[in-house]
Amino acid sequence: MSDLIIDAMSKKDIEPILKIEQASFKHPWSQLSFLNELLNKYSRNFVLKLENFFETDQIIAYLCIRLISDEINILKIAVHPEQRGKGTALKFLNRCLHDLCEKRVVSATLEVRQSNTAGISLYKKTGFIIEAQIPNYYSDTHEDQVRMRKNFF
């Protein structure tokens, strides 16, 4: 039996987050990047924990956002490789967005690489639409950046 718990990210969560980050991104954030997000007054960072009998509070996903005025900017979301394909990211993102909307947030934005088709699909399922596409945005691959937006009201 297991339960999923959403909690605020803390310093003690950084080590397992870094493992997910490195398994998820070609250019992962460093430990310092996550620590800086924890210190940023506009950041709202969450972890999704799997609580079970064998390993209590195992982090299986995380979400980093910035909340400025009435708008959210999604910076990062990732799910542990063993938990992918189960709808975990969709449920986690929807829950966090719902909770933030109750705080009078009117929209959410994000940027994603054009090649990240799984990410784009996830965001579309949560109601994001493509707002713009910036050609050759990323210097390492010269691929396009896709900007997406979701309006809540």
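The values are calculated or read from the model by the stated rules, or taken from the named source; none is laboratory data. Remember, predicted model here, so these are calculated numbers, not experimental data. Counting neighbours? That spans all protein chains shown, and the Cβs are built from the backbone with ideal geometry, glycine included. Each accessible area value is taken on the protein alone, full model and side chains, heavy atoms only, with ligands, DNA and RNA left out. Shrake-Rupley method; radii C 1.70, N 1.55, O 1.52, S 1.80 Å.
To keep it simple, each residue is scored yes or no on (1) out of contact with any Phe, Trp or Tyr (no Cβ under 8 Å at 6 or more places or on another chain); (2) among the aliphatic types (A, V, I, L, M).
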{"residue": "Arg66", "(1), (2)": "no, no"}
{"residue": "Asn73", "(1), (2)": "yes, no"}
{"residue": "Glu82", "(1), (2)": "yes, no"}
{"residue": "Thr88", "(1), (2)": "yes, no"}
{"residue": "Lys91", "(1), (2)": "yes, no"}
{"residue": "Asp99", "(1), (2)": "yes, no"}
{"residue": "Val105", "(1), (2)": "no, yes"}
{"residue": "Leu110", "(1), (2)": "no, yes"}
{"residue": "Ile120", "(1), (2)": "yes, yes"}
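For region 6-30, a residue qualifies if it is within 18 Å of Cys96 (Cα to Cα), small (Gly, Ala, Ser) and assigned to a loop (DSSP other than H, G, I, E, B), and exactly one does: Ser10. Restricting region 1-17 to residues that are within 23 Å of Lys91 (Cβ to Cβ) and hydrophobic (A, V, I, L, M, F, W, C), the residue that is most open to solvent (accessible area, probe 1.4 Å) is Met1. Annotation: of all residues in region 134-153 being of a type outside the set (D, E, K, R) and open to solvent by 60 Å² or more (accessible area, probe 1.4 Å), the one that is modelled with the lowest pLDDT is Phe153.
Quick check on region 45-59. Is at least one of its residues modelled with pLDDT under 95 and under 25 Å from Met148 (Cβ atoms)? Scanning region 45-59 turns up no residue that is modelled with pLDDT under 95 and under 25 Å from Met148 (Cβ atoms).
Can you tell me which of Glu102, Glu111 is without any contact (Cβ under 8 Å) to a residue 24 or more places away in the chain and of a type in the set (Asp, Glu)? First the steps, then the outcome.
Working: Glu111 fails: without any contact (Cβ under 8 Å) to a residue 24 or more places away in the chain.
Testing whether each residue is without any contact (Cβ under 8 Å) to a residue 24 or more places away in the chain and of a type in the set (Asp, Glu) leaves just Glu102.
With a requirement of 1 or more residues that are out of contact with any Pro (no Cβ under 8 Å at 6 or more places or on another chain), more than 24 Å from Tyr138 (Cβ to Cβ) and charged (D, E, K, R), the strands (runs of 3 or more DSSP E) lying completely within region 31-123 that satisfy it span 43-51.
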